[in-house]
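The values are calculated or read from the model by the stated rules, or taken from the named source; none is laboratory data. The shown structure was predicted, so the numbers you read here are calculated from the model rather than taken from an experiment. All Cβ positions, glycine included, derive from the backbone under ideal geometry; neighbour counts span all protein chains shown. Surface areas here come from the heavy atoms of the whole protein model, side chains and all, with no ligands, DNA or RNA. Shrake-Rupley method; radii C 1.70, N 1.55, O 1.52, S 1.80 Å.
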Amino acid sequence: MASFEVVNYSLRPGKTIQRQIIFDGVRALQQHLELKHLIYVGFGSIWFTDFVLAHKLLGVDDMFSIESDDIGYCRAKFNSPYATVRVYHGLSSAVLSTLYNDDLVRRRPWMVWLDYDYEFDETVRDDVRSLIENVPANSIVLITFNGKDAKYGDASDRPRRIRHVFGDVAPDDLLKDQCREGRMQETLANLALDFMKSMAAELRRPGGFVPAFRIIYKDTTPMVTVGGILPTKGAVKIAMDAVSAPNWCCFPEKPVVAPHLTLREAVTLQSQLPRTEKLSRDIVKSLGFDLEEEQIEAFQRYYRMYPAFAQIVA
Amino acid sequence: MVVVGADKKALANPTKAFFVNMITRDITLEDCILDLIDNSVDGAWRCEGSLPMGLAVTADLSKYSIMISASPDGFSIKDNCGGMTFDDAANHAFSFGRHADQRQDAYSIGVYGIGMKRAVFKLGADIYIRSTYREPDATRQTFAVPIAVPDWLKNDAPPWDFDIVEAEALADDGVEIVVTGLTPGAFASFDSPAFLQNLRRTIARDYTLHLNRGLKIVVNDIEVPGWPIELRQSAEFAPMRIEYSDHQDGLDVKVEVIGGMSAPPPESADPDEEDDGEKRFGWYVVCNGRIVLAADKTNMSGWGTEDWPQWHRQYSGFVGFVLFTAANAVALPLTTTKRSVDTTSEIYRRARRHMREVSKEWIHYTNVRKQALEEAKQKEAAAAAVPIYAVTPQSSVKLPILTSRPVQRLANVNYSVSIAKMRKLARAFGDINLPYREVGLSSFNYAYDDMVGEE
C-alpha cells in the first residue's frame, strides 16, 4: 500500500469529529441566542484549527489565543491565521484576567474553549471558576481535559483525588469502580458539568449555567469535553429548549472512537452513505475489507465529519 | 396644629409582608428543609409512642420514610409519619407562635411553632400542604391547606388564616408539602449540584442517630446513609461516657456526655494540609435525638474559653457527644433556628464542665504524643472502633501514658513548588493524595539516603 494513502495518525479523527460536533452545535445556537459579535478565546497552539473553524463556520472575527511556552508563543504569532487573531503570552489564569477587562471584549459574548492536554486539576478548576464568574452573558464555556484513569492516581487513590479536586459536588461515597477505564470518563464528565452548574449558582449568575456539551472521545488517550451556556435570565428557556431539541448533537451517548482508516477505505465506505439501514459488516466485507462492528457504526454516524485529508509521508 | 387626645393612636398593626420577611431572613434554606424533616421525624416518634430519645433507646424507625425532591421546578417533601390532624391544622400548626394552652408533644423538637411556616415561605410562592391521618376511631381523614403567597400577602386585616380544603387521600398516613414558584434563592440553590450534595451531607450528619435506627430519608431518589459514629476502645483507650439528670426551669432533663478518640490524630498539624476527615471531629450537641450542633470546634462548644484552648488541627480525631433529652423541648438548650445551641442555658453550661474535662485530657494527650510518636501510633492502631451506642460507661476518659523521648532540635523546611509537580512526585512515592508535608519528608529522606547514606 502506498504510504501516501494512509491518513496521518497524528490527525486524530476522534478529536476532529468532536471539534466539528461542537462547532456545529454553536452554529445552531447562533440561530437562537443573541450571539452577534461573538469572540473566540482558546489555546490556538501553532495550528489554530479551532480558530479557523470559528472564523469560517461561525463568522467570528476577533479571536484570542493563549500560549504559555516561550518558543510556542513565537511560533504562534508567526502562524496566526488571520489579521484579527491576537496571541497572548502567559498562563491562562493571568491572560483571562486581562481579557475580562479588555474593552473590546468585555461586553460581547465569548466562545471560550480551553483545551488542556492534561487532567482536570486545581489549575483547570480555578480557570473554570474564573470563567464562570467573569465572562459576559450569553457566553459559551468549554473545556477539554485528559480523562485517562491513571492520570488521577492509582486505583485505590482515585476517588479521594477526584473528591479533592472537584470539592463538594463529588459524592462522599464515590466508588473505585466509578473511577476506572470507561466509567472514569463518564464520572469526570458528569462531575465537571456539575461543578460548572454549581459555580454559576454559587456566584448567582442570573441565568445560571445550561449544560450543552458533553463529549468523550479517544484517539490514543480518552479525552473529555464539557461545556455549556451562561445565558441572560431572559434567554434561559431558549437555551434549554435548544439543547434539549431532538436534533441537538452535542450529547452523544457513546464516546467518539473513530477508526483510523486509509483514504481508500474511507472513500469506499463513504460511497455507501448516507443510508437509513445500518451499514453492516457483511457489506464492508463485500466491499473488499473488514472492520469491527463498533468501528463501522462510528464511521456511519460521523462520516460527514471525518478528516478528509492525506499526507505524503514518504 | 396637632391635637393630642385620648382618641389619638399610633398604628402598630403588623403586616404579613413584614412577618414573612422577618421569619425567613435569618435562617438558611438548608436549615428550613431540616425544619420540615424535624416535623416528619417528630411525627414518627409520635407514632412510636413519644419515647425519650437517648442513646440507650432501641426504638426502630425502619417503618418510616421521608422523600424529598428538590429541583428548579419545585420542592416537595412527603412522609409516612402519621400525618397532621385537622385540629392541629385548624388551631396550631399554621399560627405564628405557640398558644399558651397548646399541647407540646413529649420529646419533640419543635418549640417555637414557626418551623413549617418559615420553611414554606422561604421556599416559594405556591404552597400545597396535604395531610392524611387516622382519627381515634381509625377512620382516615384527609385535608389540604393551599397557600398562594402573593394573594395572601395582599390583605393584612385579621384574622390571619388559611383555607382548609378537601383533598384526595395520600397513599400512607402522613404529610406532603409541595412548593412551586420557587423564590430566587431556592431556585438557584436547587439548580446547584453542590448545594444538593451538601444537603445530603448535612442530613447524613444531623440525622445520623435516626438514620442508624432505620429511618429512611431520600433526596432526589437517592437514599441518604447515616454517618457511622464510632469511638475507639481498647485496654488503653476508653471514651468517657456518663449520664446524669438535671433540671431547667423546673423541667427534667437527662444529660449524657460521651467523648474520646474517633480516629488517630493527624500526621501533620500544618494548617495548609487538607483533611477530609476534619469535618467530623469536635463536639456534637444533640437535643431530643437531633444533632443541633455538629462537629463544632468553636467557642460555642467551649474551645477557646475558660482555660480550654482553641481548636487546632492537632486535636483532630476527637469526637464528643452531649445529649439532652427532655419531655418538654422548652427545657432544651436550643436557639430559635434549632440549628445552634443557646450557650446561656444553665444545663448546657453545667454540661460544659464535663465537656471541658474530656477535651483537655485529649489536648494533653496530643501534646505528649508528639514526643513519643511511634509508641502512640502503635497504641492508637490497636484501638477498635465501637459504635457510639455500645461505648462502655466510664466516668472519665482513659488515654495511654506515653514515655516521652528527649526532644531533638529540629530544622523546619518551608518551600513552594508547582501543584502539578507535587502531585506527580506524590504519585511516584505511591499515593497521589499524599499530603504535601509527607512528600517533602519523603523526598528529603530519599535524597538523604542517596547522597549521605548514614543514619
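Tallying residues that are open to solvent by 20 Å² or more (accessible area, probe 1.4 Å) and part of a loop (DSSP other than H, G, I, E, B) within the stretch B:190-212 yields 2. Could you check residue A:301 against (1) in a loop (DSSP other than H, G, I, E, B); (2) within 25 Å of the chain's Cα centre (by Cα); (3) among the basic types (Lys, Arg) and say which number it fails? Only one criterion is unmet by residue A:301, namely (1). Quick check on my filter: what residues within the stretch B:292-326 are surrounded by fewer than 18 Cβ atoms within 10 Å (Cβ to Cβ), touching an Asp or Glu at 6+ places or on another chain (Cβ under 9 Å) and part of a loop (DSSP other than H, G, I, E, B)? Across the stretch B:292-326, there are no qualifying residues. For the stretch A:146-187, a residue qualifies if it is away from every other protein chain (no Cβ under 13 Å), crowded, with 21+ Cβ neighbours inside 10 Å and hydrophobic (A, V, I, L, M, F, W, C), and exactly one does: A:184.
Scanning the stretch B:145-180 for residues that are surrounded by 18 or more Cβ atoms within 10 Å (Cβ to Cβ) and either assigned to a strand (DSSP E or B) or acidic (Asp, Glu) (or both) gives B:145, B:147, B:173, B:174, B:175, B:176, B:177, B:178, B:179. The single condition among (1) away from every other protein chain (no Cβ under 14 Å); (2) free of Cβ contacts under 8 Å to residues at least 24 places away in the same chain; (3) in a helix (DSSP H, G or I) that residue B:444 does not meet is (2).
Residue A:108 falls short on exactly one of the conditions (1) part of a loop (DSSP other than H, G, I, E, B); (2) in contact with a helix residue (DSSP H, G or I) (Cβ under 9 Å, 6 or more places away or on another chain); (3) not small (Gly, Ala, Ser), and that condition is (2).
Could you tell me whether residue A:133 is away from every other protein chain (no Cβ under 12 Å), within 23 Å of residue A:93 (Cα to Cα) and among the acidic types (Asp, Glu)? Considered against the rule, which asks whether it is away from every other protein chain (no Cβ under 12 Å), within 23 Å of residue A:93 (Cα to Cα) and among the acidic types (Asp, Glu), residue A:133 comes out as yes.
Residues are listed down the side, and each one gets a yes or a no for (1) surrounded by fewer than 17 Cβ atoms within 10 Å (Cβ to Cβ); (2) of a type in the set (Ser, Thr, Tyr); (3) modelled with pLDDT under 85:
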residue	(1), (2), (3)
B:11	yes, no, yes
B:37	no, no, no
B:66	no, no, no
B:69	yes, yes, no
B:98	yes, no, yes
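In the stretch A:80-107, the residues that are closer than 18 Å to residue A:140 by Cβ reach residues that are open to solvent by 80 Å² or more (accessible area, probe 1.4 Å) and not aliphatic (A, V, I, L, M) with C-beta atoms within less than 7 angstrom, at least six apart or across chains, in these pairs: A:100/A:106. With respect to the conditions (1) within 14 Å of chain B (Cβ to nearest Cβ); (2) within 18 Å of residue A:32 (Cα to Cα); (3) touching a residue at least 24 places away in the same chain (Cβ under 8 Å), residue A:235 falls short on a single one, namely (1).
Do we find a residue being open to solvent by less than 10 Å² (accessible area, probe 1.4 Å), away from chain B (no Cβ under 12 Å) and at pLDDT 95 or above anywhere in the stretch A:189-208? Yes.
Taken together, A:243, A:284 contain a single residue that is surrounded by 17 or more Cβ atoms within 10 Å (Cβ to Cβ), in a helix (DSSP H, G or I) and within 26 Å of the chain's Cα centre (by Cα), which is A:243. Could we say that residue A:48 is on the phi > 0 side of the Ramachandran plot and without any contact (Cβ under 8 Å) to a residue 60 or more places away in the chain here? In short, yes.
Just a yes or no: is a residue in the stretch A:211-227 closer than 18 Å to residue A:137 by Cα and within 14 Å of chain B (Cβ to nearest Cβ)?
yes
Is there a residue in the stretch A:258-277 that is surrounded by 12 or more Cβ atoms within 10 Å (Cβ to Cβ) and within 17 Å of the chain's Cα centre (by Cα)? Within the stretch A:258-277, one or more residues are surrounded by 12 or more Cβ atoms within 10 Å (Cβ to Cβ) and within 17 Å of the chain's Cα centre (by Cα). Of all the numbered requirements in (1) within 14 Å of chain A (Cβ to nearest Cβ); (2) touching a residue at least 40 places away in the same chain (Cβ under 8 Å), residue B:427 misses one, and that requirement is (2). Among the helices (runs of 4 or more DSSP H) contained in the stretch A:112-224, which hold 3 or more residues that are within 14 Å of the chain's Cα centre (by Cα) and within 28 Å of residue B:431 (Cα to Cα)? Hits in the stretch A:112-224: A:181-202. When the residues of the stretch B:180-220 are filtered to those that are free of Cβ contacts under 8 Å to residues at least 40 places away in the same chain and more than 17 Å from the chain's Cα centre (by Cα), the one that is farthest from the other protein chains (Cβ to nearest Cβ) is B:184.
Would you tally the residues in the stretch B:202-230 being within 13 Å of residue B:44 (Cβ to Cβ), among the hydrophobic types (A, V, I, L, M, F, W, C) and in contact with a helix residue (DSSP H, G or I) (Cβ under 8 Å, 6 or more places away or on another chain)? The total comes to 3. Against the criterion of being at pLDDT below 95, within 14 Å of chain A (Cβ to nearest Cβ), open to solvent by 30 Å² or more (accessible area, probe 1.4 Å) and in a loop (DSSP other than H, G, I, E, B), residue B:228 qualifies.
When A:85, A:105 are checked against the criterion of being of a type outside the set (Lys, Arg) and either within 14 Å of chain B (Cβ to nearest Cβ) or touching a Phe, Trp or Tyr at 6+ places or on another chain (Cβ under 7 Å) (or both), A:85 stands alone in meeting it. Taken together, the residues in the stretch B:397-424 that are touching a residue at least 40 places away in the same chain (Cβ under 8 Å) and open to solvent by 40 Å² or more (accessible area, probe 1.4 Å) amount to 1. Scanning the stretch B:346-362 for residues that are open to solvent by 10 Å² or more (accessible area, probe 1.4 Å) and either in contact (Cβ under 8 Å) with a residue 12 or more places away in the chain or not in a helix (DSSP H, G or I) (or both) yields a count of 8.
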